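Below: the structure, in structure tokens.
The values are calculated or read from the model by the stated rules, or taken from the named source; none is laboratory data. All of these numbers come straight from a predicted model, not from anything done at the bench. Reconstructed Cβ throughout: ideal geometry from the backbone, glycine too, with neighbour counts over all protein chains shown. When the accessible area is computed, the model is the full protein with side chains, heavy atoms only, and any ligands, DNA or RNA have been set aside. Shrake-Rupley method; radii C 1.70, N 1.55, O 1.52, S 1.80 Å.
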There are 2 protein chains.
Amino acid sequence: MAGKKHQVAVIGSGNWGSTIGKILSENTAEHPDLFHKEVRMWVFEEDITVPEDSPHRSKYGDKPQKLTEVINATHENVKYLPGIKLPDNLRATPDIGEAVKDASILVFNLPHQFIGKTLEQMKGKYLPYARGISCIKGVEVEDGVVTLYSELIMEKLGIYCGALSGANIAPEVAAERLCETTIGYDPPPMDLTSHDGSPKDNLVKVDEQRQDKTKPSSIKLHPMPQDYPHVDAELLENLFERPYFFVHVVKDVAGVALGGALKNIIALAAGFVTGKQWGENTKAALIRLGVQEMILFGRTWFPKSVNEATFTEESAGIGDLVASASGGRNFRSACHAVEQGVSVSEIEEKEMNGQKLQGVSTARSVYKFLEKHNKTEDFPLFSAVYHILEGNAEVDDLPNLLNKKKK
Amino acid sequence: MAGKKHQVAVIGSGNWGSTIGKILSENTAEHPDLFHKEVRMWVFEEDITVPEDSPHRSKYGDKPQKLTEVINATHENVKYLPGIKLPDNLRATPDIGEAVKDASILVFNLPHQFIGKTLEQMKGKYLPYARGISCIKGVEVEDGVVTLYSELIMEKLGIYCGALSGANIAPEVAAERLCETTIGYDPPPMDLTSHDGSPKDNLVKVDEQRQDKTKPSSIKLHPMPQDYPHVDAELLENLFERPYFFVHVVKDVAGVALGGALKNIIALAAGFVTGKQWGENTKAALIRLGVQEMILFGRTWFPKSVNEATFTEESAGIGDLVASASGGRNFRSACHAVEQGVSVSEIEEKEMNGQKLQGVSTARSVYKFLEKHNKTEDFPLFSAVYHILEGNAEVDDLPNLLNKKKK
């Protein structure tokens, strides 16, 4: 069974992509039996000026530089993750073909709006039997359908893809502050049987919302040659776990992805009541009610794949929710809106230079989704947040809006 | 089936006792079919001086007054819950016999150190078939045995007793800010069968830790006469739920009580890492790991009665924990200790006039308990908090101490 080692590639190099690149490179260096030491990081190339307060400024001055060249020379992503030393064995490349060539493990970590185009550019350049892990937060909700980014990757590339999510604010992870994450990974059983390596129709779990849709219920997946170390929970732990970054691998990919999306709605609610100074009791109640709605959402639309414990016991569920409802941007903006007596959109304008909050778009798209499925009444908290954002309800109405459910 | 109504009594009148008295009286007035309107509140009588900033000061001046008389005249507990109007149908009495006479529902809400003596004083004065609800937070841990206050009440009085706990900081509940609570209530099935009213041996759920102990595995319980409205989840909701106070009734009494005790240990841990400014990721990780240890604790010592969901989905579990790990006294004191580079005991001295923190005594008694049962290694977070409090470990050791579990 000796033979090959896994080549690992990270697709994306923002602050979270660079942080994950750091973790992966630390681990490939520690497990030479499983992985090639070098990790390749695909960087969307840009001309940058090294910031004035960077220790590398004296070397480069104010002359524009290729970001990849600076990363490889300084071992620091001076633009997106300044001040963090990246391992020498993490190599940046602007060429997606070079990044994914021979890579048997592809870790996707880029803004969701770039994923479609990037997958397009990968066509014909990656190993057809590679395995993917998507670190892209959240899900897409449109036209009454929820799509996981891991599903999108599976469909576009024909490779199996899991998901990673948790209470992982990138700069804190990069600074090696203790935290946790969850990986959802549950490939069809083809891995365990021997075969000729040709692509097969493999049933990928398909849930209720898809049954009347055009989405394929199965995709052709190539088995990975058996001379690679088996890609299972233990191997993923070896690749992602650090002494400061605890990893738990579960089978529920949908739950991991949903947690990262739905928590933003609840973070807004927590911000609203904190702005009102209603205290910790109320915030705790909203977090608890929010978890109940996450569970119901998962059970209703992903009944075959979602496990309730992903929401109640994993970093991708309750962990990420608690962190986001105490310190994230959605929480803070909702809190400021109430304190100043203005709408959340006004805060987006005033304090965020018009940048849009993830929670606001998620609250809207989830409410439209629930409306389409005639289920808004079963989700009083998600609905209440939408109505408060839209100006149809006040924060003071929350006790009444939430009490409906109980009568 | 017509006939009797329930007479309700509250034993205790601190800020939480008075708040619960307020809630009960609001509800007995709204449900005249089920309850006598008047709710009696037993008050540990004391001579008080009405505070200078009280609107009632002009009436009483600085002359000492009986607390019960002031409560009944002003409908305000000017000493323990100032500024909150109590319903007219809540009547304070210093006489425990008068308070519990004819009361078919006894709500215990007093500091745990007074419970033993108070139960003693009740002997021969209460209805033998009354039902109890204990609002006393936490559990007693001593000599390798965990005792729930509801159990203590059952044993001393021979009545069935449930428990109420949740994210319920008394002044916030009294101010009618939205929050939730959990009631654990699971009487043996005697209620449902007809009988002659004589006391019977009724099996009360007894768990593993008791098997080699002298504690009774069953106690004699009197059935309640059938002309009372049946005391079930619905009746308890009618008695405790308000538009601003959501109630969920579950069967797991032990889980409800354990949550209120163990959360204090985790709140200290959350305070430690907040003092270090490790950020929300780390705090969320400790909360999640803490819930896992709560579950394991419950499963190990209360396998017959504990339901995991009490910790992960109820206000008495995750709700109370999240609130306590963000704003309670244990959290703040641990945070200040780290910020100032002193021990938690020094904070108790300096900032709390020598008052002791619940979390510190719970962390110690739980650790001694785990040691006695040879289980400290299975509870790395509870153990780490103990060792940090004792000065055997530093907060910086947390990643290592917690990582042990995974190896």
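For this structure, a couple of remarks:
- The residue of the range B:140-169 that is farthest from the other protein chains (Cβ to nearest Cβ), among those that are modelled with pLDDT of 90 or more and assigned to a loop (DSSP other than H, G, I, E, B), is B:Gly158.
- Residues being open to solvent by 30 Å² or more (accessible area, probe 1.4 Å), at pLDDT below 85 and more than 14 Å from B:Asp186 (Cβ to Cβ) - total across the range B:200-232: 12
- In this structure, A:Gln121 does not qualify as modelled with pLDDT under 95 and surrounded by fewer than 18 Cβ atoms within 10 Å (Cβ to Cβ).
- When residues in the range A:14-35 are screened for being assigned to a loop (DSSP other than H, G, I, E, B) and within 21 Å of A:Gly166 (Cβ to Cβ), 1 of them pass.
- Test result for A:Lys375, more than 22 Å from B:Leu321 (Cα to Cα), at pLDDT below 95 and either open to solvent by 10 Å² or more (accessible area, probe 1.4 Å) or out of contact with any Cys (no Cβ under 8 Å at 6 or more places or on another chain) (or both): no
Per-residue answers, yes or no, for (1) touching a residue at least 24 places away in the same chain (Cβ under 8 Å); (2) at positive phi:
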{"residue": "B:Thr68", "(1), (2)": "yes, no"}
{"residue": "B:Glu155", "(1), (2)": "yes, no"}
{"residue": "B:Glu172", "(1), (2)": "no, no"}
{"residue": "B:Glu176", "(1), (2)": "yes, yes"}
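- Here is the figure for the range B:72-117: residues that are of a type outside the set (A, V, I, L, M), closer than 25 Å to B:Leu236 by Cβ and open to solvent by less than 30 Å² (accessible area, probe 1.4 Å) total 7.
- Candidates B:Glu314, B:Glu293, B:Glu237: the one that is in the same structural domain as B:Gly138 (by the TED database) and charged (D, E, K, R) is B:Glu237.
- Residue among A:Glu38, A:Glu52, A:Glu69 that alone is open to solvent by 30 Å² or more (accessible area, probe 1.4 Å) and part of a loop (DSSP other than H, G, I, E, B): A:Glu52
- Some residue of the range B:278-285 being assigned to a helix (DSSP H, G or I), within 12 Å of chain A (Cβ to nearest Cβ) and among the hydroxyl-bearing types (Ser, Thr, Tyr): yes
- Flag for B:Glu172 being open to solvent by 10 Å² or more (accessible area, probe 1.4 Å), in a helix (DSSP H, G or I) and facing chain A (nearest Cβ under 10 Å): yes
- Here B:Leu235 meets each of (1) open to solvent by 10 Å² or more (accessible area, probe 1.4 Å); (2) more than 14 Å from chain A (Cβ to nearest Cβ); (3) modelled with pLDDT of 95 or more with one exception, condition (1).
- In the range A:126-139, residue surrounded by the fewest Cβ atoms within 10 Å (Cβ to Cβ) [restricted to those that are touching a Pro at 6+ places or on another chain (Cβ under 9 Å) and part of a loop (DSSP other than H, G, I, E, B)]: A:Pro128
- Index of the failed condition, B:Arg177 passing every other in (1) open to solvent by 60 Å² or more (accessible area, probe 1.4 Å); (2) more than 14 Å from chain A (Cβ to nearest Cβ); (3) modelled with pLDDT of 90 or more: (2)
- Of note, B:Ala257 satisfies the criterion of being closer than 21 Å to B:Pro188 by Cβ, part of a helix (DSSP H, G or I) and of a type outside the set (Val, Ile, Thr).
- Filter result (touching a residue at least 60 places away in the same chain (Cβ under 8 Å) and either away from chain B (no Cβ under 12 Å) or not in a helix (DSSP H, G or I) (or both)) within the range A:307-330: A:Glu314, A:Gly328, A:Asn330
- Within the range B:342-366, if we keep just the residues that are outside any helix (DSSP H, G or I) and open to solvent by 70 Å² or more (accessible area, probe 1.4 Å), the residue that is nearest to B:Ala270 (Cα to Cα) turns out to be B:Lys356.
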